[in-house]
Amino acid sequence: MVEVSTSGRRLHIRMAPRVTDLARRAVQQFTREVPLYGLLPQEELDGEILDVTVHNIRLFLRVLADDRRPTPDELASIVASATRRAEEGVPLADVLAAYHIGGRLGWLEFIDSSGPEDVEELFAAGVHLLRYMQELTSAVSSAYLEVQQTIHGEERVARQELATALLTGRDPEPLAERADITLAPCHVVLVLALSTAATTQLQLDAGAAIASRRRVRLLQAELDAFAGLPVLGRLDAHGGTVLLPATPTTIEEVDVALAPLLDRLRDRTGEPLHGAAAAAISLEEVAGAASLARDVVDLAHRLGQPPGLYRLDDVLLEYQLTRPGPAREALARKLDRIADQPQLLETLRIYMGHERQRLRTAEVLHVHPNTLGYRLGRIATLTGLDPTSHTDSQILAAALVVQDD
């Protein structure tokens with residue numbers, strides 16, 4: 001078998017005069033096979049792209065003749081060109097396709113310039129070409145992805161800063177201009193919260209970090225698909241707050257579509273979700289709407305409501321009961337006499353949660369109905385309010401809400 005260094009030197013001598021012509025044909029082939037290259041300005045094709053292609057072919061012939069791998073310094077100009085494509089938004093697949101097109105055309109040129117007596121020489125060169133493409137692909141991909149991660153990281157930070165400004169009531173316009181984002185005039189604020197069991201499991205799992213990133217990615221993808229563009233917000237594995245864009249004429253339509261959206265989010269994550277929504281008809285109202293939605297979803301959680309979508313109307317009484325004021329303080333005192341008796345508090349909470357159904361409450365507590373009757377009587381004696389009375393039970397239920405706040 002012919003040594004690579006010997007065959008490489010012969011190929012180098014034969015191919016050197018053809019390099020520029022081969023590079024021009026390769027660039028033409030890029031535009032035919034890779035649509036994005038066909039959109040580049042002709043001056044860029046005839047300039048940087050051609051220069052890099054010429055350098056690439058000459059570098060391969062040089063390392064082939066020397067029977068060695070290319071050094072990082074030798075690949076630097078090729079890598080720099082790839083990073084510029086990353087900054088322009090050219091997909092990595094298209095960048096790598098161009099290099100492989102060049103490799104294919106170069107190999108065909110080797111064949112055309114060789115005769116039957118050069119079979120071993122071609123074999124040796126083919127092995128070297130595969131190794132060179134491996135080195136080139138690795139260097140270009142690493143540099144390209146590093147640039148992309150930097151760009152995406154900067155975009156992500158800019159979007160998070162913009163979301164934070166909106167959610168905290170600060171002027172978002174300077175950040176929106178810097179991030180080149182046109183803000184919708186209206187938003188529906190959606191607050192999401194995973195169930196307590198799901199978030200606890202995430203904390204226990206060894207792969208919590210991976211599961212967390214996957215959950216956020218799935219939530220973000222579904223929300224982006226719903227809005228038709230990347231939505232602003234702050235998400236983590238436990239939920240978060242997102243701003244769904246709308247206009248004065250579409251805000252009701254967006255609001256109506258939230259329940260099916262929550263079902264899809266549940267299906268994507270595989271976990272039950274509580275959600276709360278509030279509309280903001282101007283950018284100035286976003287912070288207030290977000291605060292309201294957070295309060296609503298928190299109330300739904302604490303009241304033991306099933307997963308689903310909630311609005312203020314769904315917890316209107318409970319919401320008002322949690323607002324500061326003398327009535328709230330008076331309600332809180334109604335349970336003072338049983339505050340140190342957790343058994344009675346649990347009985348009252350379950351009894352109210354099951355709509356004062358005695359048999360169902362006794363089953364949940366695993367006690368005899370007579371025992372339940374005794375406990376309810378003790379609650380009435382100590383608090384002065386009879387849980388079996390319609391009027392008194394409403395006051396006791398309100399007092400539980402205040403106590404749990």
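For the reader, a short list of remarks on this structure follows.
- Of the helices (runs of 4 or more DSSP H) lying entirely inside the range 260-353, those containing at least 2 residues that are hydrophobic (A, V, I, L, M, F, W, C) and farther than 30 Å from Asn370 by Cβ span 286-302, 316-321, 326-333.
- Output for the range 215-273, where each listed residue is farther than 19 Å from Ala165 by Cα and in contact with a Ser or Thr (Cβ under 7 Å, 6 or more places away or on another chain): Arg215, Leu218, Leu219, Ala237, His238, Glu271, Pro272
To keep it simple, each residue is scored yes or no on (1) touching a Lys or Arg at 6+ places or on another chain (Cβ under 7 Å); (2) β-branched (Val, Ile, Thr); (3) modelled with pLDDT under 85; (4) open to solvent by less than 20 Å² (accessible area, probe 1.4 Å).
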{"residue": "Ser291", "(1), (2), (3), (4)": "no, no, no, no"}
{"residue": "Gln305", "(1), (2), (3), (4)": "no, no, yes, no"}
{"residue": "Leu309", "(1), (2), (3), (4)": "no, no, no, no"}
{"residue": "Val315", "(1), (2), (3), (4)": "no, yes, yes, yes"}
{"residue": "Gly325", "(1), (2), (3), (4)": "no, no, yes, no"}
{"residue": "Arg328", "(1), (2), (3), (4)": "no, no, yes, no"}
{"residue": "Ala332", "(1), (2), (3), (4)": "no, no, yes, no"}
{"residue": "Leu348", "(1), (2), (3), (4)": "no, no, no, yes"}
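- Verdict on Thr182 being open to solvent by less than 80 Å² (accessible area, probe 1.4 Å), without any contact (Cβ under 8 Å) to a residue 24 or more places away in the chain and of a type in the set (Val, Ile, Thr): no
Yes/no per residue for (1) in a helix (DSSP H, G or I); (2) over 30 Å from Glu155 (Cα atoms); (3) charged (D, E, K, R):
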residue	(1), (2), (3)
Leu45	yes, no, no
Ile49	yes, no, no
Val54	yes, yes, no
Arg58	yes, yes, yes
Leu61	yes, yes, no
Glu74	yes, yes, yes
Ser77	yes, no, no
Arg84	yes, no, yes
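- Residue count for the range 374-405 under the criterion of being loosely packed, with under 14 Cβ neighbours inside 10 Å, of a type in the set (Gly, Ala, Ser) and not in a loop (DSSP other than H, G, I, E, B): the result is 1.
- One residue alone among Thr168, Thr196 is over 20 Å from Asp224 (Cβ atoms) and modelled with pLDDT of 90 or more, and that residue is Thr168.
- Test: residue in the range 128-142 that is of a type outside the set (Lys, Arg), at pLDDT 90 or above and either farther than 21 Å from Val63 by Cα or touching a Ser or Thr at 6+ places or on another chain (Cβ under 6 Å) (or both): yes
- Any chance Arg337 is of a type in the set (Lys, Arg), open to solvent by 50 Å² or more (accessible area, probe 1.4 Å), in contact (Cβ under 8 Å) with a residue 12 or more places away in the chain and over 26 Å from Asp267 (Cα atoms): yes
- Residue among Ala86, Ala82, Ala93 that is open to solvent by 60 Å² or more (accessible area, probe 1.4 Å) and hydrophobic (A, V, I, L, M, F, W, C): Ala93
Residue by residue, here is whether (1) assigned to a helix (DSSP H, G or I); (2) among the hydroxyl-bearing types (Ser, Thr, Tyr); (3) under 30 Å from Ala179 (Cα atoms) holds:
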| site | (1), (2), (3) |
| --- | --- |
| Glu87 | yes, no, yes |
| Val90 | no, no, yes |
| Ala93 | yes, no, yes |
| Ala124 | yes, no, no |
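The values are calculated or read from the model by the stated rules, or taken from the named source; none is laboratory data. Quantities reported herein were computed from a predicted structural model and do not represent experimental measurements. Neighbour counts are summed over all protein chains in view; Cβ atoms, including those assigned to glycine, are modelled from backbone coordinates with ideal geometry. The area values use the complete protein model at the heavy-atom level, side chains included, leaving out ligands, DNA and RNA. Shrake-Rupley method; radii C 1.70, N 1.55, O 1.52, S 1.80 Å.
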